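Quick notes on the structure that follows.
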Amino acid sequence: MAKLDTGKISNVSKQGVENRDCSIGEILRQRGVSRRDFMKFCSVMTAAMSLPATFAPKVAQALDKVKRPTLVWLELQSCTGDTEALLRSANPTVGEIVLEILSVDYHETIMAAAGHQAEAALDKVIVEEKGKYICVVEGSVSMKNGGIYASTGGKSHLDRVRQVCGGALATIAVGTCASYGGIGAAAPNPTGAAGVREAVPGATIINLPGCPVNADNLTATIVHYLVFSKLPALDSYGRPLFAYGKRIHDNCERRPHFDAGQYVEQWGDDRHRRGFCLYKMGCKGPATFHNCPTQRYNEKTSWPIGAGHPCAGCSEPNFWDTMSPMYKRLPNVPGFGIEATADKVGVALVAGAAAAFAVHGTLNAIRKDKEPSDKGKEE
Amino acid sequence: MSESCKFKRYIWELPVRWCHWINVLSIALLAVTGFLIGNPYSFGKSASDFTMGWIRFIHFTAAYAFTVSLASRVIWSFIGNRYAQWREFLPFLYVKGREKMIRMLRYYMLLDKEVPETVGHNPLATTAYLVLFFLYITMVLTGFSLYAEHAPQGIMHKSLGFMYSMFSNQGMRLFHHFSMYLIFGFIVNHIYSAWLMDIKEHGSEISSMFSGYKFTVKREE
């Protein structure tokens with residue numbers, strides 16, 4: 001697991017500022033990262049970017065020469081889960097290498113500096129590195145009433161993202177909150193929580209939704225930029241296609257059970273223990289685009305469906321409002337109270353219609369009508 | 001056969017009847033397979049079975065048949081006879097249509113005793129068909145939007161981009177599922193009305209959907 005302690009991180013961060021002119025290769029060698037670990041890292045990144053294996057040496061070559069980009073990490077309305085995901089990542093020592101290849105000049109959770117000193121570091125980046133630094137945002141932006149519900153360093157989050165993301169080369173919104181507002185944006189959304197794209201419409205933003213973000217996808221996005229000097233191809237929601245281009249359902253390891261017609265019917269039943277499809281337990285895999293089945297979490301050990309829990313659809317826009325109830329296939333019918341499923345409302349509707357026509361039919365059967373005649377008003 | 005319905009008239013042309021019965025068949029298949037997709041039964045005995053695969057295959061094939069039938073009927077509404085024309089489905093735009101609609105409504109509400117004779121469609125029914133047509137369109141759109149997600153960035157997925165920007169994935173699923181009940185509601189109404197008109201008009205309402213011929217009070221002009 002991650003061999004990072006806070007002392008080391010702050011050390012890295014300080015070194016970052018000092019060694020800005022060195023290439024990544026030089027810094028990694030100085031820091032004692034073995035060539036083998038570096039090549040392993042490059043292969044993992046090549047796979048994460050959905051590139052063929054032959055690209056790994058090219059990725060290594062490019063990373064060897066390229067200069068480290070400056071990175072600032074803003075934390076807004078969030079649970080710090082994405083920072084945790086990055087720090088706990090360890091495959092192979094991704095956490096270390098990421099922090100070596102990036103010059104993290106500002107990160108509220110892990111930086112050594114505090115207070116005015118920290119804010120001065122951020123201001124310095126914004127001015128000196130204008131248009132050259134990468135900004136990572138974690139958490140949603142509070143938009144309501146001019147953004148008065150959340151602030152850091154005496155400045156509202158809304159003002160901060162507009163200033164920091166507006167001057168950045170690119171902004172990477174990590175996690176569902178920074179991408180679309182996430183749980184904070186669930187109804188009734190008291191703070192007017194929104195994603196960065198909504199808060200800073202003009203900025204270049206890459207969304208990496210997920211709860212938490214997959215650290216491999218974040219690193220691969222940065223490596224993609226370092227290797228190709230351009231941002232990865234995005235879908236209409238601003239998500240890199242290499243990570244969000246396929247549906248979970250279509251890459252799921254339990255898909256053969258879906259096609260076969262083998263489903264978990266109840267938690268802990270025999271079918272659940274045998275690893276059958278979780279479709280009937282409310283799995284949102286068929287509605288969610290993410291590379292979880294292939295990339296996985298925690299050193300690629302597992303992921304929700306792998307662990308026997310249905311996909312919650314956490315990386316989709318308006319997650320929570322549109323993906324609930326978590327353990328049911330379909331949302332409830334709005335306006336009919338809780339637990340009004342489409343089937344209940346539908347059956348009541350059809351039964352009502354059938355009853356009405358049965359009464360009408362009976363009345364008509366006992367009634368003697370005049371059939372159409374020549375004297376009718378027709379045509 | 002009634003005394004007054006003495007003239008045989010060709011009303012429903014072959015394409016109209018074909019479209020009608022293809023719709024019936026495909027809707028029946030779509031409904032059965034659709035409910036099995038929405039709430040599947042564990043048919044599978046081994047992981048190498050393909051029961052859900054076949055159920056989905058039937059659903060998608062029937063969906064294509066239904067869509068083609070729907071499109072053909074729209075095209076036929078521009079080339080078919082007067083009873084198949086698109087104007088038939090907008091009776092409320094014409095004075096005569098509105099009058100007839102009111103008389104039809106009065107009859108259905110048991111206020112009038114005389115059955116207003118209808119050669120071709122009755123205006124109340126075509127108004128219902130118009131609503132049904134839009135329901136079909138939304139079924140086709142939501143259905144293919146959900147289907148196209150197996151090939152993101154493909155032609156179908158891209159051309160249905162407006163759907164994804166307007167509706168959530170689960171919202172489309174709910175609509176697609178719930179609308180089937182609305183169509184069932186229509187089917188109850190439709191079969192009942194066909195039966196009612198068959199026994200009241202004596203113009204062989206039901207068999208006309210097979211033969212194309214109806215018996216009418218007046219000779220064709």
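The values are calculated or read from the model by the stated rules, or taken from the named source; none is laboratory data. Given the structure is predicted, the values throughout are model-derived calculations rather than measurements. We place every Cβ from the backbone using ideal geometry, glycine too, and count neighbours over all the protein chains shown. Please note that ligands, DNA and RNA were not included when accessible areas were found on the heavy atoms of the full protein model with its side chains. Shrake-Rupley method; radii C 1.70, N 1.55, O 1.52, S 1.80 Å.
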Handout entry: Considering only chain A, percent of DSSP beta bridges that pair antiparallel, nearest 5
Key = 30 percent
Handout entry: Inter-part distance where the range B:178-221 and the range B:8-70 are each reduced to a Cα centre, Å
Key = 23 Å
Handout entry: Directionally averaged shadow of the protein assembly as shown, computed from the convex hull of its alpha-carbon atoms, nm²
Key = 33.8 nm²
Handout entry: Averaged over B:43-53, number of beta-carbon atoms from partner chains that fall within 10 Å
Key = 6
Practice task
Rounded to the nearest 10 degrees, what's the angle between the helix A:215-228 long axis and the longest principal axis of chain A, both from Cα atoms, 0 to 90?
Solution key: 60 degrees
Fill in the blank from the handout: Checking B:43, B:186, B:134 against a Gaussian network model of chain B (alpha-carbon springs below 10 Å), the top fluctuating residue turns out to be B:43
Completion exercise
Checking rank on A:315-324, B:174-183, with mean other Cβ inside 10 Å and highest first, the result is A:315-324, B:174-183
Exercise for the section: Before anything else, pin down the relative contact order of the range B:122-221: Cα pairs under 8 Å, at least 6 apart, normalised by residue count, whole percent. Expected result: 19 percent
Problem - Per-pair calculated FRET efficiency, R0 = 22 Å: residue A:253 and residue A:326 via Cβ, rounded to 0.05 - result: 0.60
Problem - Calculated P(r) of the range A:260-379 - Cα pairs past 19 Å, % - result: 67 percent
Exercise for the section: For residue B:200, list the lysines whose Cα falls under 20 Å from its own Cα; do not include residues on the same chain fewer than 8 positions away. Expected result: A:368, A:370, A:375, A:377, B:6, B:8, B:100, B:113, B:214, B:218
Practice task
Using only protein heavy atoms and a 1.4 Å probe, report how much of residue B:210 is accessible, in Å² to the nearest 10.
Solution key: 130 Å²
Handout entry: Label-point separation in nm, residue B:102 to residue B:68, each point 7 Å along Cα→Cβ
Key = 4.6 nm
Completion exercise
Note, residue A:281: beta-carbon cut-off 13 Å, +1 each Lys/Arg, -1 each Asp/Glu, net +4
Problem - chain A: relative contact order in percent, alpha carbon pairs under 8 Å with at least 6 residues between - result: 13 percent
Handout entry: Helix-only CD estimate at 222 nm, as mean residue ellipticity for chain B, using -39500 (n - 2.57) per DSSP H run (n ≥ 4)
Key = -21500 deg cm²/dmol
Problem - Cα pair distances exceeding 18 angstrom across the range A:178-313, given as percent - result: 61 percent
Exercise for the section: Quote the FRET efficiency, to the nearest 0.05, computed for residue A:298 versus residue B:156 with a Förster distance R0 of 25 Å and r equal to the Cβ-Cβ distance. Expected result: 0.10
Exercise for the section: In nm, give the distance between the simple-model label positions of residue A:270 and residue A:363, each being 7 Å from the Cα along the Cα-to-Cβ direction. Expected result: 5.5 nm
Fill in the blank from the handout: Per residue, the convex hull enclosing the alpha carbons of the range A:6-244 has a volume in Å³ of 109 Å³
Handout entry: Of A:300/B:45; A:58/B:158; A:40/A:65, pairs whose Cα-Cα distance is over 21 Å
Key = A:300/B:45; A:58/B:158
Exercise for the section: Could you give the spread of the C-alpha atoms of the range B:7-216 along their three principal axes, from largest to smallest, in whole angstroms? Expected result: 61, 38, 33
Handout entry: Shape box of the range B:1-106 [Cα atoms, principal axes, largest first, Å]
Key = 63, 34, 32
Exercise for the section: With θ set to phi - 60°, apply the Karplus curve 6.51 cos²θ - 1.76 cosθ + 1.60 along the range A:117-128 and write out the HN-Hα couplings as whole Hz, x wherever there is a Gly or Pro. Expected result: 4, 5, 5, 5, 4, 5, 4, 4, 4, 4, 7, 6
Handout entry: Helix-only [θ]222 nm of chain A, DSSP H runs n ≥ 4, -39500 (n - 2.57) each, per residue, nearest 500
Key = -11500 deg cm²/dmol
Handout entry: Inter-chain Cβ neighbour average for residues A:187-193, partner chain, 10 Å
Key = 0
Exercise for the section: Calculate the mean, over all residues of peptide A:354-362, of how many other protein chain Cβ atoms lie within 10 angstrom of the residue's Cβ. Expected result: 3
Completion exercise
The simple spin-label model distance between residue A:151 and residue A:21, using points 7 Å out along Cα→Cβ, in nm, is 4.1 nm
